[in-house]
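The values are calculated or read from the model by the stated rules, or taken from the named source; none is laboratory data. Small disclaimer: the values here were computed from a predicted structure and weren't measured. Heads up, the Cβs are rebuilt from the backbone with ideal geometry, glycines too, and the neighbour counts pull from every protein chain shown.
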Amino acid sequence: MSINNAPMTESDTSRFVRIKEGDLDLQLHYNDAGSGAETVVMLHGSGPGASGWANFNRNVEPFVAAGYRVVLMDCPGWSKSDPVVSTGSRSDLNARALKGLMDAIDLDKVHIVGNSMGGHSAVAFALANPERVGKLVLMGGGTGGPSPFVPMPTEGIKLIGALYRDPTIENLKRMMNVFVYDTSNLTEELFRARLDNMLSRRDHLENFVKSAEANPKQFPDVGHRLGEIASPTLVIWGRDDRFVPLDIGLRLVTGLQKADLHVYSRCGHWAQWEHADKFNRMVLDFLAR
Ligand SMILES: O=C(O)CCC(=O)/C=C/C=C(\O)C(=O)O
């Protein structure tokens with residue numbers, strides 16, 4: 001709840017900023033909530049129609065209530081941010097966008113919570129800007145690269161590709177039913193909101209397909225560089241993740257200097273949403289330590 005006890009909304013917290021960072025010169029959309037001395041940036045995943053608000057709407061208020069400023073960045077090519085075709089590392093591109101955003105709104109150092117692509121991007125940011133990262137929280141992402149156990153691309157990533165190429169409600173339902181462990185939580189309202197978000201930006205959908213054609217490895221394997229990261233890191237994974245398998249979480253916790261891994265049972269690729277209460281308590285405890 002906000003100060004006047006009304007629920008916090010996407011539109012109340014919606015902001016735009018122009019960033020110039022290296023070869024990036026574009027308008028970014030972000031949500032900005034709370035006014036604490038420490039800021040938590042949350043980075044969303046790469047599915048069609050994803051956004052900071054869609055991924056983290058169950059997390060913003062508890063973090064604000066705990067005294068944090070929360071910034072949700074919509075990555076270039078998603079939601080209300082400007083379109084982009086990514087021909088190199090999209091993790092690096094998002095990391096440059098985050099640096100541009102932090103410079104533009106005067107954030108010196110932040111904690112970063114990254115979901116899937118957001119986790120890959122958080123790691124890319126920490127590698128490029130170690131002095132600007134407090135703690136990291138990575139869910140279902142952190143590095144690209146092969147799984148020794150699960151055939152890749154995984155079934156979830158194949159369904160994302162199919163949805164980008166053919167954005168129908170049927171393909172959306174196919175993808176989202178694999179997203180979570182307990183599909184009874186997926187309402188028609190949720191499907192409709194996500195479909196509207198997707199179809200409102202067909203340029204983003206087309207650009208994602210062009211990007212994947214230009215460079216199928218949008219999220220490179222940075223496993224060999226994980227040891228450079230000294231930020232305390234909490235890795236959270238769904239046991240039933242069918243998009244980015246659990247063994248990638250094991251690679252992270254093995255490679256990073258200071259990382260703990262928690263595996264949630266009965267949980268797919270959206271731990272922060274499917275197990276929001278447990279996730280919020282665990283991450284807030286980690287940040288406060
Ligand atoms: O390809 C990868 O490694 C990342 C896949 C990814 O980011 C999927 C994320 C999906 C969501 O979180 C979403 O659509 O909300």
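For this structure, a couple of remarks:
- Checking each residue in region 207-248 for being part of a helix (DSSP H, G or I), closer than 19 Å to Val133 by Cβ and within 16 Å of the ligand (Cβ to nearest atom) picks out Gly223, Leu226.
- In a residue-by-residue description of region 12-28, the property of being crowded, with 17+ Cβ neighbours inside 10 Å and basic (Lys, Arg) applies to no position.
- Taking the numbered list (1) assigned to a strand (DSSP E or B); (2) modelled with pLDDT under 95 in turn, Asp260 passes all entries but (2).
- Residue check for Met102: more than 14 Å from the ligand (Cβ to nearest atom) and among the hydrophobic types (A, V, I, L, M, F, W, C): yes
- Residue in region 64-77 that is under 30 Å from Asp196 (Cβ atoms), surrounded by fewer than 17 Cβ atoms within 10 Å (Cβ to Cβ), in contact (Cβ under 8 Å) with a residue 60 or more places away in the chain and not β-branched (Val, Ile, Thr) present: yes
- Every condition in (1) within 16 Å of the ligand (Cβ to nearest atom); (2) surrounded by 19 or more Cβ atoms within 10 Å (Cβ to Cβ) is met by Arg58 except one, and the failing one is (2).
- Applying the condition of being in contact (Cβ under 8 Å) with a residue 60 or more places away in the chain and part of a helix (DSSP H, G or I) to region 133-171 and asking which residue is surrounded by the fewest Cβ atoms within 10 Å (Cβ to Cβ) yields Glu155.
- Of the residues making up region 168-182, at least one is among the β-branched types (Val, Ile, Thr) and out of contact with any Lys or Arg (no Cβ under 9 Å at 6 or more places or on another chain).
- Scanning region 200-220 for residues that are surrounded by 13 or more Cβ atoms within 10 Å (Cβ to Cβ) and either within 22 Å of Leu246 (Cα to Cα) or free of Cβ contacts under 8 Å to residues at least 40 places away in the same chain (or both) gives Glu206, Gln218, Phe219, Pro220.
- Matching residues in region 172-185 - criterion: being touching a residue at least 40 places away in the same chain (Cβ under 8 Å) and surrounded by fewer than 17 Cβ atoms within 10 Å (Cβ to Cβ): Asp182, Asn185
- Listed conditions (1) touching a Ser or Thr at 6+ places or on another chain (Cβ under 6 Å); (2) more than 18 Å from Gly36 (Cβ to Cβ) are all met by Arg90, apart from (1).
- Test: Gly114 is touching a residue at least 24 places away in the same chain (Cβ under 8 Å), of a type outside the set (A, V, I, L, M, F, W, C) and in a loop (DSSP other than H, G, I, E, B): no
- Qualifying residue in region 88-99 (condition: more than 15 Å from the ligand (Cβ to nearest atom) and crowded, with 23+ Cβ neighbours inside 10 Å): yes
- Subset tally (residues that are of a type outside the set (A, V, I, L, M) and either away from the ligand (no atom under 12 Å from the Cβ) or surrounded by fewer than 24 Cβ atoms within 10 Å (Cβ to Cβ) (or both)) for region 116-132: 5
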